[in-house]
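Everything on this sheet refers to the single structure shown next.
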Amino acid sequence: MSDPSPPYHHGDLANALLEAGRALLASDGLEALSLRAVTRRAGVSATAAVPHFGSLAGLRAALAAQGYRELALALGDASSAHQVGMAYIRFALANPNLFQLMFRRALLLESSEALQSASQSAFEALRGLAQGLDTATGRDEGSAARMAGLWGRVHGLAMLAIDGMLSPMIAAEGFQTVEGFLAEALDSGGKARAD
């Protein structure tokens, strides 16, 4: 007996698969992301993703590229180092599973041009963390070392928040929101050493 329902056809299968992957990632986490689960969610055959992404690493790279483009847009709206840091943290908290995927390079197809381009755009926008001149030292705060230190701080706070590691501190300090606590953490983290 044959299946009475005709095969599903989609006009923009690549985007439908990305939407399905994004929804699956958001609801079930990185561990649940597989080509079979994504194609099932999109309502297409199990092999439908291969022509578009080649492999699971290719699909993950396309999803990470989406995330980097969105992160770059969020950071681009910020006009101060503090705003850049908070935009980074807000993006991470709003998209925790996508954010973690973006920084799991071993899971991504590194040769993806879309991934390389999108991550470079986000990195350029992230430079806003360290722009300007430190008048006390006369050193350019936009140096790579300064930027890496500030990025590490912001990224670390975002990851600690995603993993729930800050919850006891937030409760003990009486903060109403994670974001309020993280804003205070950014403000009270102090300046990087000038020497």
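Bear in mind these aren't lab numbers, they're just calculated from the coordinates by the rules spelled out. All of these numbers come straight from a predicted model, not from anything done at the bench. Cβ: placed from backbone, ideal geometry, glycine included. Neighbour counts: every protein chain shown.
Tell me the GluC sites (Glu not before Pro) within the stretch 93-129 that lie in a loop according to DSSP and have at most 13 other beta-carbon atoms within 10 Å.
Sites meeting the loop and neighbour criteria: Glu110.
Report the local net charge at Leu166: Lys and Arg +1, Asp and Glu -1, summed over other residues whose C-beta lies under 12 Å from its C-beta.
Summing Lys/Arg as +1 and Asp/Glu as -1 gives -4.
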